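The values are calculated or read from the model by the stated rules, or taken from the named source; none is laboratory data. No experiment lies behind these values; they were computed from the predicted model shown. Positions of Cβ are backbone-derived with ideal geometry, glycine not excepted, and every protein chain shown enters the neighbour counts. Ligands, DNA and RNA are stripped out before the accessible areas are found, and what is left, the full protein with its side chains, is counted by its heavy atoms. Shrake-Rupley method; radii C 1.70, N 1.55, O 1.52, S 1.80 Å.
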Amino acid sequence: MTGKERLPDLRKGNILVVKAPPYYNKSYLYEIVSAGEKIVRANLYKSPTVRKSWGRDELLLLFDMEIVRFATDQDISELSAAD
């Protein structure tokens with residue numbers, strides 16, 4: 001990771017929109033529960049039994065590819081209603 005490529009400020013409680021493979025046409029909300037130096041861990045929004053974790057380099061790549069992004073209030077209301 002070079003100095004130019006930096007992850008946005010990730011904090012516990014941030015909500016992320018994550019597009020799901022294989023076609024990346026369905027999105028899910030994940031809430032960050034831990035954002036350490038090496039690993040970022042998140043739970044499916046309102047479902048702590050479904051967990052996901054990424055290395056910081058991997059997550060940076062996912063942000064760059066727009067597979068992961070920060071959720072807006074509109075995303076939260078739309079995707080929460082879809083569940």
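Segment D64..I32, full-extension length gain: 9.7 nm, with 0.36 nm per residue of separation and the alpha-carbon distance subtracted.
As a test of the formula, what do you get for the chain when each DSSP H run with n ≥ 4 contributes -39,500 (n - 2.57) and the sum is divided by the residue count, at 222 nm and rounded to the nearest 500 deg cm²/dmol? Mind showing how you got there, number by number?
Values: 2 runs with 19 residues, N = 83.
Computed ellipticity for the chain at 222 nm equals -6500 deg cm²/dmol.
Accessible surface area normalised per residue over the stretch 1-73 is 71 Å², counting heavy atoms of protein chains with a 1.4 Å rolling probe.
Enumerate lysine pairs in the chain that are 8 or more residues apart or on different chains, then count those whose Cα atoms are under 21 Å apart. Total qualifying Lys-Lys pairs in the chain comes to 9. Using a 7 Å offset from Cα along Cα-Cβ at R6, what residues in the stretch 37-54 end up with backbone N under 17 Å from the label point? Hits in the stretch 37-54 for R6 at 17 Å: 37-38.
Order K38, K52, K26, most accessible first, counting only protein heavy atoms with a 1.4 angstrom probe. Don't jump to the answer; show the numbers that get you there.
Working: K38 165, K52 75, K26 105 Å².
Listed by decreasing accessible area, they come as K38, K26, K52.
Per residue, the average separation of C-alpha pairs within less than 8 Å and at least 6 apart gives the chain a relative contact order of 27 percent. Shown here is the pair-distance distribution of the chain: with all Cα-Cα distances grouped in 5 Å bins from zero up to the longest one, the shares run 3, 14, 27, 27, 18, 8, 2, 1 percent. Longest stretch of the chain clear of exposed loop sites (GluC sites (Glu not before Pro), DSSP loop, at most 14 other Cβ atoms within 10 Å, sites excluded): 6-36.
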